[in-house]
Amino acid sequence: MPESVTRGFNALRVRNYRLYWISQVISLTGTWMQTTAQTWLVLRITGSPFALGLITTLQFLPVTIFVLFGGVLADRLPKRPTIIATQTLALIQAAIFGALVSTHAIQLWHLYILAVVQGIITAVDNPVRQAFVAEMVGREDLINAVALNSMVFNGARIIGPAVAGVVIAWLDIAPTLFLNAISFVPVIIALLMMNPAAMFNVPPTSSGSVIEQLKEGVRYAVRTPTILLVLIVLMAIGTFGYNFTVVIPLIAYKILLTDSVGFGALWSFLGVGSLVAAVTTAYARQITIRRLLIAGGAFSLIFLAVAFSTQFGLTAILLVVLGFAGITFATSSSTLLQLSTPDALRGRVMSLNTLLFVGSTPIGGLLIGTLSEFSSVPLALFICGILCLTGVIVAAAYQNAHRPAPA
């Protein structure tokens, strides 16, 4: 096969990463199936946009509170055993969820508790897994590995919701949740099969207290212009744009009035554009700030267009383009942060990425749910799109102000 074709998959030459990547295909598909099932179940029980926004807030609030400490743990603990532990806990959470639904014992307060538990697991798991990528492949293949991670994530976002929609329509919600529980098993097996001697190990950081190490990571991020610029855009788009677990159900349930199959299809349209963007990024030789800002601006404008669409076909097309812009932005931001951070601080800086991209969801999710409840879904999406665009403009102004003066 020509080198120009295989270049986009260079990181898969590393056995440890290959095991990890293949297992993620299965696990993330299950995760997206559960995400789809959970949001559909909330709307089935309550029919309330506010309840949907609240459960999203509860799911991601622990990330907001604890993820920076998770980043410190990522730099202090051996990453592979830590991920095995978090994946085992996620398996248990999914199995309990499935059992409650299958026995018809599930109540709204159960969903709230399960969402909080999932958020606590994510707060530790996410920064550790992001930092673990560099240990598996080294800096040489880091850009490619980040893109391949995005590829499998978005491939799962296509397959998972579509499969969940069909499974829910034929068998109801409980089997979807049990399938997710089973999907964690391949990840645990893959991690156990890895060769520790082939890792690009970074010695765990042990000097200083947890608080001192947390402050060290934040100081480094704030004082490094490239990292701070990325974080500015992440704060806006992560908070107000990347709330798809609220946005997609509201579009399906309140605007397009579609069923569970159509709901799953909307997720898949978003995933198609995301997957194409991830494949494109896998062949990129470098990632630049310009690419980040263009992608962020495009995402904001398409998000505004989605707010005004009332036709299923048009919304589907817009979601494909939105997915492309969103993942081009997400992979650019993650790669720039990884490459701009020394190994010893990677867990802590990547926890800031998780905080602003995932942990800010309680703010945006609750805002969209509340505005949709008391005004309308289109108005809520429009306001959030404007806030995303504002963040991109502020970041562009920051870049211009810190551009090196001509010699």
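Across segment 254-404, the relative contact order, built from alpha-carbon pairs under 8 Å that are at least six residues apart, equals 31 percent. Taking all C-alpha pairs of segment 78-159, those more than 19 Å from each other amount to 54 percent. Measuring spread by the Cα atoms of segment 1-121 yields a radius of gyration and Dmax of 18.1, 56 Å. When the P(r) of segment 73-126 is calculated, the portion above 18 Å amounts to 39% of the C-alpha pairs. Quarter the surface of the alpha carbon convex hull of segment 292-407 and you get the mean projected area, 9.0 square nanometres. Across the chain, the fraction of Cα-Cα pairs farther apart than 26 Å, rounded to a whole number, is 51%.
Per-atom-type breakdown for the chain gives carbon and sulfur 72% of the accessible area (1.4 Å probe, protein chains only). Where the alpha-carbon atoms of segment 174-278 are placed on the principal axes, they occupy 55, 39, 28 Å, in descending order. Where a ≥ b ≥ c are the square roots of the eigenvalues of the C-alpha gyration tensor, would you call segment 221-296 rounded, which needs a/c under 1.5, or, failing that, prolate if a/b is larger than b/c, or oblate? Oblate is the answer for segment 221-296, as a/c is 1.5 or above yet b/c matches or exceeds a/b. In the elastic network of the chain, a GNM with C-alpha springs shorter than 10 Å, the most mobile of Leu171, Leu12, Leu293 is Leu171. Under a GNM of the chain (C-alpha, springs under 10 Å), which listed residue has the highest mean-square fluctuation: Ser360, Ser48, Ser333? Taking springs between Cα atoms under 10 Å, the residue moving most is Ser48.
Heavy-atom accessible surface of the chain, averaged per residue, reaches 39 Å², computed with a 1.4 Å probe. Calculated on the alpha-carbon coordinates, the convex hull of segment 315-358 measures out at 58 cubic angstrom per residue.
The values are calculated or read from the model by the stated rules, or taken from the named source; none is laboratory data. Fair warning: this is a prediction, and the values are worked out from it, not measured in the lab. Only protein heavy atoms, including side chains, enter the accessible area calculation; ligands, DNA and RNA are left aside. Shrake-Rupley method; radii C 1.70, N 1.55, O 1.52, S 1.80 Å.
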